[in-house]
Amino acid sequence: MIFAIEAGLRLGRKVYDVFVDETVERPLALPVGHLFASIEFADARDFFDLPENRHLTAAGGPYAGASNTDLLVAYKSIVGIDSAIGAIPGTGEGAVEIVQRLHEFEQFKKGFGANHPMQRILGTVVEISIDYFAANPGATGLRPAHRKILQGFLAQIDEIEFAEGERDDIVGEVLIAALSTLGENITLLDDDERLAALLGGVTESLVVDIQSITTQSGQIRREDLFKRIASTIIRGGASAFTENIDLFVPRDGAAKAIVTSTLDQFLMGIEGEEDLFTNESIELLFRGALTAAAENPQIVGDKKILQELLTSTLGAITSTQGKKLFGEEMVARVLGAALQTVSENMATLIDPGDPQKQVAADILAAIAASFATQLAGNGTVQNLLSRDQLLELVRVTFNEVAKAPNQLLGNTDGDPRKSAIAQIIGSVARSLGDDPARFVTGEGFVELVQTTLETAVLNADKLLDLNSLTTRSNGLFKAIQQLVAGVIAGNDPRQLVSRQVFLEIVERTLPVVSANLEALLDGQSNVIRNTVTAALSLAQGALSGRINGANLPVLIEQLLIALAWDELELSESASVQKLALEVLRAAA
Amino acid sequence: MNGSSRTIRGLATLFALTVLVFIAGCSSLGYRATQDKFVRAVELDNAAAVSPTSDSAADILYQELYEQLSKETIAKLDSRLRPNAYLIRAYSALGATELEGNLGKASDAARAGINAGAIEGSRDRVLLELLDGLVIYEELRANAAKDGLQQLGGITGDRYDLAYRNAFETARAQYEDALGQARRNTPASTIEYVHYRSWQLLVMWRATIALINNPDARLAANNDASRIVDKPSLKEAANEHRNAIPAGAPLRALIDAQTRG
């Protein structure tokens, strides 16, 4: 029994030992302890104690005198902004700058007083900015480009005079347009002063424009227009700046002044016809206008030359006759071509004594008139011209007028049909007859016009009859008409007179005719026609082996010269042939 | 002696022995319930620590535990259980904030637990060595409550020097000593716990200095603290303890949750 008891006790002891050991080693929960101060505040304090951030809490800083609670809130805001703009967490990079700007902004606003409209304007700017970034998923926050834009915008906006109660939503529209338009590729963004000048100039101009409208409905319509074009205006302006950086001097507000006055006059110039312009064409036009203004500041001075230029030119293009030629789709391009040419030829196309005299409008009116039936006849030469060729015709004409404005535009008594331009172009068009495509392509016609302009301007009073509206009485018309008639009458079975050869024939013979009008265009003799016919006859007959398209024009030219100086009679075949051989020999 | 009397005597001896064994075993059996109660108290306490709005009945439980585990009661326990019992008594006193002189009592209990033969390197030994540091932590916490630190109340440099600086330094030394008690037999969870409490102490030190109003005094305090911990900053010293806790461990997750704000 004792043995049993001892055994039982040993067993019980064993069990007990295991039990105790397990109890000792039983897992326990342990208290984690209570925090008694704010870890986050310590982070905030470290942040504000950084040397580069001390200005935030120093006197005059946005958080000067702030309580610890306010500092913690501020710190959390900065961290939040960090997160929003994708900055390195905890550094406040970017966020600090934003906070500083907002603080300055608030002080700036306060400086205007409680009810000043600038308070409202600036509040709008901030709201617009925040809304823009919230609404644009691609805008991950204040990229350097956006920061520059905002800085440039804010730097200028305080110079604009806002009146209480007036509409100023356009300010936000310009800012949105700038933010969404000015990408990081434009070098202008590296130029803070010029960027500010552009944005400030555009904003001021648009605000002043709105303010000039007296009815609210008018203002609303204007705002709708600006919403449509604000981006293109800024893009066009930025391109102008970038391409002509030396012209836009930011010093003393010169660049901004150019922008403001150019845009003012640009908008006034196209007023009422805005629907004729796409956003792209407005961008190009404004860029052109701004470049022109930078190169020739006088056009945006007090006399508002640019505005008058645009208004009158637009008027000419959209007149009844203008529309027939140009069509609405060409308005912007023609206006751009006119603007560019005037800008390049200011000295000759703008009369310093009468700067508002609208040469460009007169030129375009003359071109349009030249294709009217009264001048151009029933021919379809207008149909040969593509839009690009028509534009080229405009440029060619402008350039020629720039060389000799008085000769080509003067003394019309306000009737463009009487201008030399109209008479010349009309003469050329009429002279080509009912099938102008036989002799010229569209490109060829433009070339032909240029040739005749160059020649006619040297002898306008003899080649043109500016006392008569009809072109039939012009020597120029008669000369080219006879050339055409001669080709037709000569049949030209060898088809030597291609369009190019025809052009060359005109180029060579017109100066000869101009110098020998009485001899070659006298009465009913049709000397020119007969000369062409004779040359073609030789080309088919005795000299068929020597005459080709290359030497035919010079042959006709030299025959005409001989005829003009009475050195030849067309009826004397042998003499004609002999002279032809000499000419051909010399031309070989 | 005849056979029946021997049998009776034997049975009586057996019975007495059995009773003795039983009595001894009863105290130890009941002790598990005490441990369970301690776990419940800690769970409540920890819930309040991370979620201050939750009501905590931990204080009451801690006090009950302290009173329950009197010296006399502990003396009745198997000797192998006594260090653990003193551990619970000490940590219960620590948490029983309504108990008069609770912090002194906690220290006494910890010393008694060490003297009761807590095995070197064991969980209980390390935690008993840590207790004095935790007592100082609670004293710091009491001062912080007086100064309104939790509400971001500022303090002067002098106040910091008087009420906080030396206490932080001493507590830190105690924590380091506790860590120094770790041996190969020390459970990883215990070491992680000491690292957690060390991190906690250092971040509170940093947070207290942040509330010194005067910038110069603040800078001086930071430089002083950095020198003491022998690190460029208290933050870096705290991070070392954080990083000593394996990723994925609950205490590491707790640290990260608390630093996220």
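The values are calculated or read from the model by the stated rules, or taken from the named source; none is laboratory data. Model, not experiment: these values are computed from the prediction. Don't worry about glycine lacking a Cβ; one is built from the backbone with ideal geometry, like all the others, and counts go over all protein chains shown.
Some values worked out for this structure:
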item	result
Hits in the stretch B:29-43 - residues which are facing another protein chain (nearest Cβ under 8 Å) and among the hydroxyl-bearing types (Ser, Thr, Tyr)	B:31
Residue in the stretch B:181-202 that is in contact with a strand residue (DSSP E or B) (Cβ under 8 Å, 6 or more places away or on another chain), under 23 Å from residue A:48 (Cα atoms) and crowded, with 16+ Cβ neighbours inside 10 Å present	no
Residue list for the stretch A:372-388, filter: surrounded by fewer than 21 Cβ atoms within 10 Å (Cβ to Cβ), touching a helix residue (DSSP H, G or I) at 6+ places or on another chain (Cβ under 8 Å) and not aliphatic (A, V, I, L, M)	A:374, A:379, A:380, A:382, A:386, A:387
Some residue of the stretch B:221-231 being surrounded by fewer than 22 Cβ atoms within 10 Å (Cβ to Cβ), within 12 Å of chain A (Cβ to nearest Cβ), in a helix (DSSP H, G or I) and of a type outside the set (Val, Ile, Thr)	yes
Considering residues of the stretch A:7-24 that are touching a Lys or Arg at 6+ places or on another chain (Cβ under 8 Å) and not hydroxyl-bearing (Ser, Thr, Tyr) only, the residue farthest from the other protein chains (Cβ to nearest Cβ)	A:21
Residue count for the stretch B:175-205, restricted to those that are more than 26 Å from residue B:257 (Cβ to Cβ) and more than 14 Å from every other protein chain (Cβ to nearest Cβ)	5
Within the stretch B:84-114, tally of residues that are under 21 Å from residue A:26 (Cα atoms) and of a type in the set (S, T, N, Q)	2
Close pairs from the stretch A:429-452: first buried (at least 24 other Cβ atoms within 10 Å of the Cβ), partner of a type in the set (Ser, Thr, Tyr), Cβ under 7 Å, at least 6 apart	A:429/A:370; A:430/A:471; A:436/A:380
Matching residues, the stretch A:544-569, being under 17 Å from residue A:518 (Cβ atoms), among the aliphatic types (A, V, I, L, M) and not in a helix (DSSP H, G or I)	A:568
Residues (charged (D, E, K, R), under 25 Å from residue A:468 (Cβ atoms) and in a helix (DSSP H, G or I)) located in the stretch A:419-441	A:430
Residue selected from the stretch B:234-256 under the condition in contact (Cβ under 8 Å) with a residue 24 or more places away in the chain and of a type in the set (Gly, Ala, Ser), by the criterion nearest to the other protein chains (Cβ to nearest Cβ)	B:238
Pairs where the first residue, in the stretch B:82-100, is of a type in the set (Phe, Trp, Tyr) and the second is surrounded by fewer than 24 Cβ atoms within 10 Å (Cβ to Cβ) and part of a loop (DSSP other than H, G, I, E, B), C-beta under 7 Å, 6+ apart	B:86/B:116; B:91/A:31
Residue check, residue A:538 more than 26 Å from residue A:447 (Cα to Cα), more than 54 Å from the chain's Cα centre (by Cα) and modelled with pLDDT of 90 or more	yes
Which listed residue is modelled with pLDDT of 75 or more, surrounded by fewer than 22 Cβ atoms within 10 Å (Cβ to Cβ), in contact with a helix residue (DSSP H, G or I) (Cβ under 7 Å, 6 or more places away or on another chain) and in a helix (DSSP H, G or I), from A:205, A:239, A:217, A:180	A:239
Selection within the stretch A:370-406 - of a type in the set (A, V, I, L, M, F, W, C), touching a Lys or Arg at 6+ places or on another chain (Cβ under 9 Å) and within 17 Å of residue A:432 (Cα to Cα)	A:371, A:372, A:375, A:376, A:381
Condition check for residue B:162: away from chain A (no Cβ under 14 Å), free of Cβ contacts under 8 Å to residues at least 12 places away in the same chain and hydrophobic (A, V, I, L, M, F, W, C)	yes
Enumeration of residues in the stretch A:25-48 that are in contact (Cβ under 8 Å) with a residue 24 or more places away in the chain and within 7 Å of chain B (Cβ to nearest Cβ)	A:38, A:40, A:41, A:45
Residue B:118 being away from chain A (no Cβ under 12 Å) and farther than 25 Å from residue B:223 by Cβ	no
Residue pairs meeting the criteria (Cβ under 8 Å; at least 6 apart or on separate chains; first without any contact (Cβ under 8 Å) to a residue 60 or more places away in the chain, in the stretch A:385-407; second assigned to a helix (DSSP H, G or I) and aromatic (Phe, Trp, Tyr))	A:389/A:445; A:393/A:445
The stretch A:49-60, subset in a helix (DSSP H, G or I) and surrounded by fewer than 20 Cβ atoms within 10 Å (Cβ to Cβ), residue farthest from the other protein chains (Cβ to nearest Cβ)	A:52
Residues that are at the interface with chain A (Cβ under 10 Å from one of its Cβ atoms), surrounded by fewer than 17 Cβ atoms within 10 Å (Cβ to Cβ) and assigned to a helix (DSSP H, G or I), drawn from the stretch B:209-220	B:215, B:219
Boolean, residue B:140 is surrounded by fewer than 14 Cβ atoms within 10 Å (Cβ to Cβ), part of a helix (DSSP H, G or I) and of a type outside the set (Asp, Glu)	no
Filter result for residue B:198 (under 23 Å from residue B:123 (Cβ atoms), in a helix (DSSP H, G or I) and at pLDDT 95 or above)	yes
When residues of the stretch B:126-144 are limited to those that are free of Cβ contacts under 8 Å to residues at least 60 places away in the same chain and of a type in the set (A, V, I, L, M, F, W, C), the one nearest to the other protein chains (Cβ to nearest Cβ)	B:142
Residue in the stretch A:280-295 that is aromatic (Phe, Trp, Tyr), buried (at least 19 other Cβ atoms within 10 Å of the Cβ) and closer than 19 Å to residue A:231 by Cα present	yes
Lone qualifier among A:380, A:373, A:348 - being free of Cβ contacts under 8 Å to residues at least 40 places away in the same chain and more than 22 Å from the chain's Cα centre (by Cα)	A:373
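Conditions (1) acidic (Asp, Glu); (2) modelled with pLDDT of 95 or more; (3) touching a Gly at 6+ places or on another chain (Cβ under 7 Å); (4) farther than 25 Å from residue B:50 by Cα, marked per residue:
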{"site": "B:142", "(1), (2), (3), (4)": "no, yes, no, no"}
{"site": "B:146", "(1), (2), (3), (4)": "no, yes, no, no"}
{"site": "B:150", "(1), (2), (3), (4)": "no, no, no, no"}
{"site": "B:159", "(1), (2), (3), (4)": "no, yes, no, yes"}
{"site": "B:170", "(1), (2), (3), (4)": "no, yes, no, yes"}
{"site": "B:185", "(1), (2), (3), (4)": "no, no, yes, yes"}
{"site": "B:193", "(1), (2), (3), (4)": "no, yes, no, no"}
{"site": "B:203", "(1), (2), (3), (4)": "no, yes, no, no"}
{"site": "B:207", "(1), (2), (3), (4)": "no, yes, no, no"}
